[in-house]
1. Only one of TRP161, TRP127, TRP119, TRP182 is closer than 30 Å to LYS78 by Cβ and either touching a helix residue (DSSP H, G or I) at 6+ places or on another chain (Cβ under 9 Å) or not acidic (Asp, Glu) (or both); which?
2. Does the stretch 188-211 contain at least one residue that is more than 27 Å from ALA84 (Cα to Cα), in contact (Cβ under 8 Å) with a residue 60 or more places away in the chain and more than 13 Å from the chain's Cα centre (by Cα)?
3. Just to be sure I understand the filter: pairs with C-beta atoms under 7 Å, separated by 6 or more residues or on different chains, first member in the stretch 125-143 and farther than 19 Å from ALA88 by Cα, second member buried (at least 23 other Cβ atoms within 10 Å of the Cβ). Which pairs pass?
Amino acid sequence: MVQDWTTCPLLDPRVPSAPMTGPGQNRITMPSAAGALPIGEVRSRTGVPRVLLWLVARIGMPSAAASMKMTIGEVASKAGTPRALLWAMAVYLPSLYIAGALFMADGLYKYPDLSIDPWRPPFLTLWGVYMALVSVVIMYMKLFLPQAPYALEKVLINVCWLWMGFPFGVIIIGVICLGRTWMFIPLACLFIILVGVVLSLFVWLVRTYRK
């Protein structure tokens, strides 16, 4: 079955767009009805940063390009999710990650077969803070940014949660249990970078789609 990309006028090659020049033009592409469109051309039509379009094109969504037109509000209206449930999830998810990180840190601290420094287990809360921050951004988009593209929400879920969040947690547990003291420095730097990326994305989303 051939994917139909004609449902997304943003990617319709018949729509006028800024010309693309230069031999070094980035040729990363997204599918369209008439072939692959360079990601730079899609960016000129949507205003979405290049790195986000690159992620959207590679997260495995069956209609990644078309979903750049589909908004979070449209998806929510089709799903019929009550707003009260969204508010409950906005409170529950961050609390779950923070409490879960604290619980695991307490378990590592009390585990009799692990002889580790007492200051190491609290480092697991870094993972809880990061995961909670991502959940806050996602729920904020659902509640207050209905005009934001649905694909950007999928980027947060697939990339920030699945591709980065859970590996980050595994790395922290490994360093806490087996790592040397100097390993906590790059671990803290990684945490700062991840939090900075999510906060930067959040600020851009609010400035772009908040009305």
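1. Values: TRP127 fails: closer than 30 Å to LYS78 by Cβ; TRP119 fails: closer than 30 Å to LYS78 by Cβ; TRP182 fails: closer than 30 Å to LYS78 by Cβ.
Matching residue, one of TRP161, TRP127, TRP119, TRP182: TRP161.
2. As a first pass, look at the stretch 188-211 and keep what is more than 27 Å from ALA84 (Cα to Cα): 188-197, 200.
Next, only the ones that are in contact (Cβ under 8 Å) with a residue 60 or more places away in the chain stay: 188, 191, 194-195.
Imposing the further condition that a residue be more than 13 Å from the chain's Cα centre (by Cα) reduces the set to 188, 191.
There is at least one residue in the stretch 188-211 that is more than 27 Å from ALA84 (Cα to Cα), in contact (Cβ under 8 Å) with a residue 60 or more places away in the chain and more than 13 Å from the chain's Cα centre (by Cα).
3. Within 7 Å, the pairs are THR125/ALA101; LEU126/ILE172; TRP127/ALA101; TRP127/ILE172.
Any read-out appearing in this document is the output of simple, stated calculations on the displayed coordinates, not a laboratory observation. Note that the coordinates shown come from a computational prediction; the quantities given were computed from them, not determined experimentally. Counting neighbours? That spans all protein chains shown, and the Cβs are built from the backbone with ideal geometry, glycine included.
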